[in-house]
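Novice: Dropping a structure here in structure tokens format, bear with me for questions.
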Amino acid sequence: MSFPEVVFTIIEEIKCPLYKAGDDFKLSGKTHLVEDKNQKKFISTAVIKTPRNKSVCRTFFADLTSVLIKYGSVDKIPGLVMNCSGCTGVVRLEYKEKKLADHKPVRTKIDKDIGIATKLLTKFPIFQTLDEVDIKKLVPMLKLKKYAKDTCIIKKGDAGSNLFLLLSGKAEVLVDEKTSIGFMGRGEVFGEISLLIGTPAGATIKVVDMVTVLLIYGKDFKKLLNMFPSLQMYFAHLLAQRLSKTNVERSEEFASGMIGKLSENPPTELFQTLNLNHKTGVLTLSVSKGTGYLFFREGLLVGSEYNGADGKEGFFELLNERDGRFKFTPGLDKKYAKAPEIGDFMWLLMEGARRIDEG
């Protein structure tokens, strides 16, 4: 014979040594008050089922039993959220669903929320290459967050940590405290450049009208790209468009050559500028292991020389440098004037960033 039971799910965990967010615990049983002429008897029959291979915390189980005692029967427990009493850590629980004996479980609020979120996300360009089944897989990775007016969601120079999808409101893109280069609204994505190629944020994103975003943590973003190759293509195109817009103002500076410091113009940004502005010439870099050279023809990377390495490996070596000076000189000699491209530039950039990250 089966008995009615309810399910509690851990929705938040802080330094709990035994359990984590997402763990489910099933509670069933009743409490009875029996009276006779001489005395009263209070009888409780609580049954708690733990997730597989999880240890027993008596403090935590006492908290669940107290819920049963308070309401008398599991079928009388209302929807609620509660904290455990705590020991070295603490967990927050949510009443999830009620399972009645010999009946199918009631559809949960979480299931309904996923369904609503899935329909909403299909309307955004970023997810239009995915079907509803795929979108349901990524919904649990998304976090909803709101930002008040004048809040900075991202500050220029910050390390990239999250990807943001703007659901509502308006945000301004600032290259410094007073210089605005545009605004963003519903459906726009930001934060992807830092996550894809490992560079600090190139601009500040400041809230103009209260903003609601969906964010994906960096660790989940990498999983997302591995799960859905079509999203890799989407972000590759988005990256190219974004960098083209960001670097357009530098085009004229490179027309007659340019010198500078890598500390002020990181290799990733420097190389992108030459590629996106279709420049032809030699980029000479004086860095830690000597002098390196990158050869560009109409923005295509056709050669590299550095520390005994050439081709792709020479490029990856130079991408890893952070200090030194550079000089761009227009024009190529015969060796590189007709040399083939050593690889797709965006792929080289992302692969180089991956190697740096793993290193």
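Novice: Kindly check whether there is at least one residue in segment 251-272 that is among the aromatic types (F, W, Y) and at pLDDT below 90.
Specialist: Within segment 251-272, the first condition is being among the aromatic types (F, W, Y), and the residues that meet it are 254, 271.
Restricting the remaining residues to those that are at pLDDT below 90 gives 254.
So far as segment 251-272 goes, yes, one or more of its residues are among the aromatic types (F, W, Y) and at pLDDT below 90.
Novice: Residue pairs, Cβ under 8 Å, 6 or more apart or interchain, first in segment 305-316 and at pLDDT below 90, second surrounded by 15 or more Cβ atoms within 10 Å (Cβ to Cβ) and in a strand (DSSP E or B). List them.
Specialist: Short answer, once both residue conditions are applied: none.
Novice: If you don't mind, there's one more thing I want to ask. Does G157 satisfy the condition of being modelled with pLDDT of 80 or more and assigned to a strand (DSSP E or B)? Reasoning before the result, please.
Specialist: Values: modelled with pLDDT of 80 or more: yes; assigned to a strand (DSSP E or B): no.
Answer is no for this residue.
Novice: Looking at segment 77-94 only, could you name the residues that are touching a Lys or Arg at 6+ places or on another chain (Cβ under 7 Å), outside any loop (DSSP other than H, G, I, E, B) and under 21 Å from R58 (Cβ atoms)?
Specialist: N83
Novice: Still on this structure, I have one more. Looking at segment 271-359, what strands (runs of 3 or more DSSP E) fall wholly within it and have at least 1 residues that are of a type in the set (G, A, S)?
Specialist: In segment 271-359, 281-287, 290-297, 300-306 are the strands (runs of 3 or more DSSP E) which contain 1 or more residues that are of a type in the set (G, A, S).
Novice: Take A201 and tell me if it is assigned to a loop (DSSP other than H, G, I, E, B), modelled with pLDDT of 80 or more, more than 13 Å from the chain's Cα centre (by Cα) and assigned by TED's automatic domain parsing to the domain that holds P125.
Specialist: Judged against the criteria, A201 is a match.
Novice: May I pose another question? In the set G157, G191, which member is surrounded by fewer than 21 Cβ atoms within 10 Å (Cβ to Cβ) and in the same structural domain as A240 (by TED's automatic domain parsing)? Quick ask: steps written out before the conclusion?
Specialist: Numbers: G191 fails: surrounded by fewer than 21 Cβ atoms within 10 Å (Cβ to Cβ).
Checking each option against the conditions leaves just G157.
Novice: Quick one: in segment 45-65, which of the residues that are of a type in the set (S, T, N, Q) and loosely packed, with under 13 Cβ neighbours inside 10 Å is farthest from the chain's Cα centre (by Cα)?
Specialist: T45
Novice: Let me ask something else about it. Contact list please: Cβ distance under 8 Å, first residue in segment 25-38 and closer than 30 Å to L93 by Cβ, second residue modelled with pLDDT under 70, pairs at least six apart or on different chains.
Specialist: Filtered contacts from segment 25-38: K26/K99; S28/F3; G29/F3.
Novice: Oh, and also: In segment 270-286, how many residues are without any contact (Cβ under 8 Å) to a residue 40 or more places away in the chain and under 18 Å from A353 (Cβ atoms)?
Specialist: Residues meeting the conditions: 2.
Novice: Evaluate segment 206-213: report whether one residue or more is within 24 Å of L319 (Cα to Cα), crowded, with 20+ Cβ neighbours inside 10 Å and not assigned by TED's automatic domain parsing to the domain that holds P266.
Specialist: no
Novice: Also, I was wondering about something else. Going through T88, T59, T31, T45 one at a time, which residue ends up being among the β-branched types (V, I, T), at pLDDT below 85 and out of contact with any strand residue (DSSP E or B) (no Cβ under 7 Å at 6 or more places or on another chain)?
Specialist: T88
Novice: Taking the criterion of being in a loop (DSSP other than H, G, I, E, B) and touching a Gly at 6+ places or on another chain (Cβ under 8 Å), would at least one residue in segment 209-225 satisfy it?
Specialist: No - not one qualifying residue is present in segment 209-225.
Novice: Right, something else. Determine whether F164 is among the hydrophobic types (A, V, I, L, M, F, W, C), surrounded by 13 or more Cβ atoms within 10 Å (Cβ to Cβ), over 11 Å from A203 (Cβ atoms) and without any contact (Cβ under 8 Å) to a residue 40 or more places away in the chain.
Specialist: The answer is no for F164.
Novice: Please pick out the residue among T50, T9 that is farther than 17 Å from I77 by Cβ and at pLDDT 85 or above.
Specialist: After ruling out the rest, the residue left standing is T50.
Novice: What are the residue pairs meeting all of these: first residue in segment 141-154, first residue within 15 Å of F190 (Cα to Cα), second residue modelled with pLDDT of 95 or more and surrounded by fewer than 13 Cβ atoms within 10 Å (Cβ to Cβ), Cβ atoms under 6 Å, and 6 or more apart or on different chains?
Specialist: As it stands, the answer is none, since no pair meets every condition given.
The values are calculated or read from the model by the stated rules, or taken from the named source; none is laboratory data. Just so you know, these numbers come straight off a predicted model, no measurement behind them. We place every Cβ from the backbone using ideal geometry, glycine too, and count neighbours over all the protein chains shown.
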